[in-house]
Amino acid sequence: MVGIRAHGDAHPERRCDVSPPQPARPGAPGFASCGCLGTGAALLVLFVALKLTGVVDWSWWLVLAPVWVTLAGAILILTLGFVLLVAIAASEDDRPDRAARPSQHGPVHRWGRRGP
């Protein structure tokens, strides 16, 4: 922490604590782990700048392609994760050691009371 006194501060004994900037959280959307723009975000900025300056005559759908590619990748990863989760759950239900066993204390009846 570095103490910095504001220019023209009436109270020189009062100092502001300024901490160094925090690095980007690893895996944060749109940022690389070094705190820089990721490839998709950099391409998006470049494409928008080229479109607004008139260098390219692309449709906005094509200019925003890095957004669509990132979104499609996220949907694909979520879908694969869901399929994997369902496959794991289904394989655990088929295990013989998970078969229903009779209760040692008798059946549980309505309202949670046990039978005789």
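If we sort 63-76, 45-58, 80-93 on the protection proxy, mean other Cβ atoms within 10 Å, highest first, what's the order? Show your work: numbers first, answer last.
Numbers: 63-76: 13.6, 45-58: 11.9, 80-93: 9.7.
With the highest mean Cβ count within 10 Å placed first, the list reads 63-76, 45-58, 80-93.
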Original post:
For the pair Leu78 and Leu37, what calculated FRET efficiency results from E = 1/(1 + (r/R0)^6), where r is the Cβ-Cβ distance and R0 = 30 Å, to the nearest 0.05?
Top reply: 0.80
Original post:
At a Förster radius of 22 Å, what calculated FRET efficiency corresponds to the Cβ-Cβ distance of Trp68 and Ala89, to the nearest 0.05?
Top reply: 0.10
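Each value in this text was obtained by applying a stated rule to the coordinates, not by laboratory testing. Every value quoted in this text rests on a predicted model; they were computed, and no experiment measured them. All Cβ positions, even for glycine, are placed from backbone atoms using ideal geometry, and neighbour counts span all protein chains on display.
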